[in-house]
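Structure first, commentary second.
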Amino acid sequence: MPLEETVELLRGFRGQFDLGQEFVYAIFSPDESEAIGGTGLHTRRGEGVFEIGYWIRASRASEGFATEATAALTRVAFEVCGVERVEIRTDPENAPSLAIPRKLGFVEEGTLRRISHGSDGTPLQADAVVFALLREELSGSPAGSAPLETFDAAGARVL
Ligand SMILES: CC(C)(COP(=O)(O)OP(=O)(O)OC[C@H]1O[C@@H](n2cnc3c(N)ncnc32)[C@H](O)[C@@H]1OP(=O)(O)O)[C@@H](O)C(=O)NCCC(=O)NCCS
């Protein structure tokens, strides 16, 4: 992607974040020298619900980064943003993706048939497994004990 397009994409993410519309995050290596993936708290499931999505650069897969980021964002969703439900949807054939909510104690609620859409809204006609964690389930789940430090835009500590 040309640099100008990347800048526009990031400006869009930042604008949505500041307006409280969508909360997209980059995932960096522990020394912050490399962008290795992306994640986010998405608002598309309606009021009081966040959906978490994730991707990790293939060269850094299976190092636990998606699990760590998802656990941290799950705590942020409940403890900072005060939502009632955090949802994760995955392709039934995507074993690494399915492993993440299972490891973190999300409840597998079922499979929606031919529900997935591409980012442009085009139907993909793919099934999606729906996992969710409710507010009262956080403390008893592996996600609830994830290490977490959070800061606001001014750098002040939140959690
Ligand atoms: C799915 C994805 C985000 C996982 O990221 P990751 O950082 O590699 O995930 P983690 O290392 O935290 O955890 C993956 C888990 O899946 C397991 N796993 C990997 N391959 C597997 C396989 N073929 N079968 C079963 N489990 C598998 C890993 O062992 C690990 O579990 P463990 O920690 O108990 O060993 C990454 O592979 C990715 O970006 N894929 C392409 C985009 C995508 O599919 N996004 C999800 C859309 S729903």
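The values are calculated or read from the model by the stated rules, or taken from the named source; none is laboratory data. Since the model is a prediction, treat every value here as computed from it, not as a measurement. Note that each Cβ is placed from the backbone with ideal geometry, even for glycine, and that neighbours are counted across all protein chains shown.
Summary table
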read-out: Residue selected from region 51-60 under the condition under 18 Å from E32 (Cβ atoms) and in contact (Cβ under 8 Å) with a residue 24 or more places away in the chain, by the criterion nearest to the ligand (Cβ to nearest atom); value: I56
read-out: Residue in region 56-69 that is aliphatic (A, V, I, L, M), in contact with a strand residue (DSSP E or B) (Cβ under 8 Å, 6 or more places away or on another chain) and in a loop (DSSP other than H, G, I, E, B) present; value: no
read-out: Criterion violated by D120 - all others in (1) of a type in the set (D, E, K, R); (2) part of a loop (DSSP other than H, G, I, E, B); (3) over 24 Å from R14 (Cα atoms) satisfied; value: (3)
read-out: Criterion: surrounded by 13 or more Cβ atoms within 10 Å (Cβ to Cβ), at pLDDT below 95 and not in a helix (DSSP H, G or I) - qualifying residue of A126, A153; value: A126
read-out: Count of residues meeting criterion [polar (S, T, N, Q) and either surrounded by 12 or more Cβ atoms within 10 Å (Cβ to Cβ) or at pLDDT below 95 (or both)] in region 45-67; value: 1
read-out: In region 61-115, residue farthest from the ligand (Cβ to nearest atom) [restricted to those that are of a type in the set (S, T, Y) and closer than 23 Å to F151 by Cα]; value: T74
read-out: Test: residue in region 44-65 that is of a type in the set (V, I, T) and over 11 Å from the mean Cα position of the chain (by Cα); value: yes
